[in-house]
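Down below is the structure, laid out as structure tokens.
What follows is calculated from the coordinates using simple rules that are stated; it is not laboratory data. It should be emphasised that the depicted structure is a prediction, and the values quoted were computed from it without experimental measurement. Please note: Cβ atoms are built from the backbone with ideal geometry, for glycine as well, and neighbour counts cover all protein chains shown.
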Amino acid sequence: MSALHIADTGFFVALGDSSNERYQRVRTFAERNQITFVVPKRIYAELTGAEDSEISETEAVPIDSAIDDGWVRIADSLDYATPVVSKTMDGIQRYIANADDRPADEVERADPALGGLAAQALNSENTAHAYIYTTDIAAGEGAKTVLASEGYDDAVTFVNGFRFIDDLVSI
């Protein structure tokens, strides 16, 4: 069994361009530790502008370079028919809505996809632990909380993306 390292849009936006020191430090960390960061398809779409996204083409993050270099990959599609996947995503959406004091239907679908991907991987029994790297505190705490309620408490770690990057840069 292996560990899964899931990253969100904010994490890659915080890295900046591939020539940026933050980007280079995370890349080196991934390569040294033989980690491949996985992004849900919704996150990839946000980063590349492949679908409706708040990121314009001029602001696009060079995630394709990271994929070409082998330290990032796009996850397989989520299986919404698997009860733990859909239940986890719905729970995270409600958690974020409550944390931000807004209707659940206004919460973007990419954030719950982080937890959905973790649930799918943990449920498959091929993954022993999921690390969720996000700059969105509510999304990270929501994923940790909801997955704990599904019995995965010791199998999920929320990693504050900003803190993680800052720690690597300060070394």
Practice task
Mind pulling the per residue volume of the convex hull built on the Cα atoms of segment 102-162? Å³ is fine.
Solution key: 81 Å³
Problem - Relative contact order for the chain, counting Cα pairs under 8 Å that sit 6 or more residues apart, in percent - result: 28 percent
Handout entry: Under-5 Å amide H pairs with V38, H placed in peptide plane, nonlocal only
Key = H5, I6, A7, R73
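How long are the semi-axes of the equivalent ellipsoid of segment 1-147, defined as square roots of 5 times the Cα gyration tensor eigenvalues? Whole Å, largest first. The partial results should precede the final answer.
Details: eigenvalues 114, 73, 34 Å².
Largest first, segment 1-147 gives 24, 19, 13 Å.
Which order results if I137, I165 are arranged by neighbouring Cβ count within 10 Å, fewest first?
Details: I137 14, I165 22.
Ordered by Cβ neighbours within 10 Å, fewest first: I137, I165.
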Fill in the blank from the handout: Sorted on mean Cβ neighbours within 10 Å (highest first), peptides 95-107, 64-76 come out as 64-76, 95-107
